[in-house]
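Shown next, in structure tokens, is the structure this report addresses.
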Amino acid sequence: MAFDPSLLRSQFPILSQQVNSHPLTYLDNAATTQKPACVLKAVHDYYCTSNANVHRGAHFLSDKATNQFEQAREVVQDFINAPLKSHIIWTKGTTESINMVAYGLEHILKQGDEILITSLEHHANLVPWQQLAFRTGARLRVLPLTSAGEWQEEFASYFTNRTRIFAATQVSNAIGTHTPLKEMLLRAKQQGAFTLVDGAQAVAHYPVDVEELDCDFYVFSGHKMYGPTGIGALYGKQHALEVLIPYQTGGEMVLKVAYQATEFNVLPYRLEAGTPNIEGAIGLAAASEFLNKQDRNALLEWEQKLANHVYTRLKKAGGIEIYSPEKHTTLVSFSVPNIHLIDLNGYLDGQGIGIRSGSHCTHPLMEQLGVHGTLRASFACYNTLEEADRFCDALFDAMELLGDE
Amino acid sequence: MSEYLDIKKQLQACRSKEETFKSLVMLSKQLPRLSDDEKVEENKVKGCESAVWLISEEINDSRHFKADSDAKLMRGVLFAILSIVEGKSVADIQSMDIQAELTDLNLSSYLTSSRSNGVLAILEKIIAS
Ligand SMILES: Cc1ncc(COP(=O)(O)O)c(C=O)c1O
């Protein structure tokens, strides 16, 4: 299907509203995306026609719900090109997925082992590893990537025979940088480390192929790729998932329970204790199918064009500090020296423009950049060039209004 | 008091979020800045996205406030808040519904907790002073 931004936009009911007497300009897509009608319909239809608990009752609705739920797993498997559907574990999202791995791998770590992350991580891919290091006596090390994100030969020394776990984001949520995943994963694997890739900021924009990436774990959230909140996935290779000790236990994840012992269920159920988020899984599958139907390259080009348009206008205006790379990103992170973030944000909000201001859950990265926080305009496939311009114009007005003294 | 009525008139005349924002920026210019000696940790209001300092003292049974922020928007909001409580007795301040006053001033959107701008924390510090 050829890509037509306005046609696509019309599939997102929320976007047609007025905010503070202006047309809504939603540029906070890296925080969460809006949902197309097909996702809303899938969730609505599920409750209208199929709702029952899954894997339990032997009755019509339970079978129907279970079928839809397991089909959803296949859609998501296909979406990231995972070899088996049992390699997809439903979670609440990226954060839960990472915690599941951080707790599940605790038993392989001993004093002196190393966990390696990068300097561009979201707190979700930092704090769980730091706490795991505290619990086990392992050492958390940080690969000092720069905003440009390029690989440097001296980074190789961070991968040692003590590196047991390597976790890195694919794309930085705060500044949009792509990390040099290929080079990093290669070094981590040479050292026999478990590898985890945080795909939270990638899935909405880039086709993902976990076989090609060849990481042990890949994690993402549904709500950042046009799906519902409260659902996400942990993909893992067979042996990697088998190593994980279930960090939650209870119903669904067992085969046989006695007071003396419990026999755990097979994958994926072994890691899915309790009644799952059934509507979420179905909604996430609908979001994956929505993306599958699009010309993904055209969408990506469009999003990058919008970000680059804003980058160019901000650069040209002067007096703006930009932290994002110029090309190949779908967001622009910046600040205006001497004008407070919340002043700029407050003005933009009055114009119906929603962007994010703050530290973007990346305190150490902000410190590295020497700022308390930044403003971030992040784009999705439904954004328009008019919106990008409206944002730039409003920002320049705000700078004029706030920039005296 | 007449100052408060002026502010009230000005803010109530605002027809949009944009106008309120501009008014707050204008009002921010009237808030005297604190000296560096006064902008110390113990005077800081915790829970604000911007830095906010608040100092008060009691003279003849009435409380007097000084405040500052590194954000203009917050200086405007502080100016409005202080115009409500400045010079009042502790008992008066505690019996006032400051949030209702602020809502009356068209500032209710600055009271929502999602903004995490710390207006609620500022009010708490004023009441506790
Ligand atoms: C790169 C990255 N990792 C992790 C997360 C956490 O995702 P969630 O809050 O959906 O668990 C986010 C989103 O905020 C993110 O952008």
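Which value in deg cm²/dmol, rounded to the nearest 500, describes the helix-derived mean residue ellipticity at 222 nm for chain B, given -39,500 (n - 2.57) per DSSP H run of n ≥ 4 and division by the residue count?
Working: 6 runs with 60 residues, N = 129.
Using -39500 (n - 2.57) per qualifying helix, the result is -13500 deg cm²/dmol.
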Eligible aspartates and glutamates near A:Lys64 by straight Cα distance, threshold 16 Å, same-chain separation 8 or greater: A:Asp45, A:Glu74, A:Glu279
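Which of the peptides A:41-49, A:339-347 is most tightly packed, and how do the rest follow, judged by the mean count of other Cβ atoms within 10 Å per residue?
Values: A:41-49: 15.0, A:339-347: 24.6.
Output ranking for A:41-49, A:339-347: A:339-347, A:41-49.
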Proximal aspartates and glutamates to A:Lys327, defined as alpha-carbon separation beneath 14 angstrom and excluding residues fewer than eight positions away on the same chain: A:Glu150, A:Glu301, A:Glu303
Charge-dipole axis of the stretch A:102-250 as Lys and Arg at +1 and Asp and Glu at -1 on Cβ define it, positive-most pick from A:Val208, A:Gln191, A:Val127: A:Val127
Qualifying trypsin sites (Lys or Arg not before Pro) for the stretch A:279-343 [loop in DSSP, other Cβ within 10 Å: at most 13]: A:Lys327
A:Thr169 long-range amide H proximity, modeled H, under 5 Å: A:Thr118, A:Asp198
Shape parameters for the stretch B:45-105, alpha-carbon atoms, Rg then Dmax in Å: 12.0, 34
The stretch A:380-393 - phi-based ³J(HN,Hα) in whole Hz, Karplus 6.51/-1.76/1.60, Gly and Pro as x: 10, 4, 8, 6, 10, 5, 4, 5, 4, 6, 4, 4, 4, 4
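Give me the percent relative contact order of chain A, please, defined on Cα pairs under 8 angstrom at least 6 residues apart. Don't skip to the end; give the middle numbers.
Details: 784 pairs, mean separation 91.5, N = 405.
Computed over chain A, the figure is 23 percent.
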Degrees between helix A:341-350 axis and first principal axis of chain A (Cα, 0 to 90, nearest 10): 80
Within the protein assembly as shown, percent of DSSP bridges classed antiparallel, to nearest 5: 65
Other-chain or far-sequence residues with amide H under 5 Å of A:Val254's (modelled H): A:Asn265
Angle in degrees between helix A:127-136 and the longest Cα principal axis of chain A, rounded to the nearest 10: 40
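Accessible area per residue for the stretch A:71-175 in Å², computed with a 1.4 Å probe and the full protein assembly in place, what is it?
Working: 3890 Å² over 105 residues.
Each residue of the stretch A:71-175 exposes 37 Å² on average to a 1.4 Å probe.
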Cut-off 16 Å (backbone N to label point 7 Å along Cα→Cβ of A:Lys189), residues of the stretch A:142-173: A:165-168
³J(HN,Hα) computed for each position of the stretch A:16-23 - Karplus, 6.51 cos²θ - 1.76 cosθ + 1.60, integer Hz, glycine/proline x: 8, 8, 9, 10, 6, 6, 10, x
Compactness of chain A, expressed as Rg and Dmax over alpha-carbon positions, Å: 22.1, 74
Backbone HN-Hα couplings from phi across the stretch A:3-12 [Karplus 6.51/-1.76/1.60, Hz, Gly and Pro as x]: 8, 10, x, 6, 5, 5, 4, 5, 7, 10
20 Å Cα-Cα reach of B:Lys29 towards lysines, excluding residues that sit fewer than 8 places from it in its own chain: B:Lys8, B:Lys9, B:Lys17, B:Lys39, B:Lys66, B:Lys72
Long-range amide H partners of A:His340 with built H, under 5 Å: B:Lys72
Helix-only [θ]222 nm of chain A, DSSP H runs n ≥ 4, -39500 (n - 2.57) each, per residue, nearest 500: -11500 deg cm²/dmol
B:Glu86 accessible area, 1.4 Å probe, all protein chains in place, Å² to nearest 10: 80
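With a Förster radius of 25 Å, plug the Cβ-Cβ distance of A:Glu367 and B:Lys44 into 1/(1 + (r/R0)^6) and report the FRET value to the nearest 0.05. Provide the component values of the computation, followed by the final result.
Numbers: r = 20 Å, r/R0 = 0.78.
Given R0 = 25 Å and the Cβ-Cβ separation, E is 0.80.
The values are calculated or read from the model by the stated rules, or taken from the named source; none is laboratory data. These numbers were taken from a predicted model, which means no experiment stands behind them. Every residue, glycine among them, receives a Cβ derived from its backbone with ideal geometry; neighbour counts consider all protein chains shown. With ligands, DNA and RNA removed, areas are computed over all heavy atoms of the protein, side chains included. Shrake-Rupley method; radii C 1.70, N 1.55, O 1.52, S 1.80 Å.
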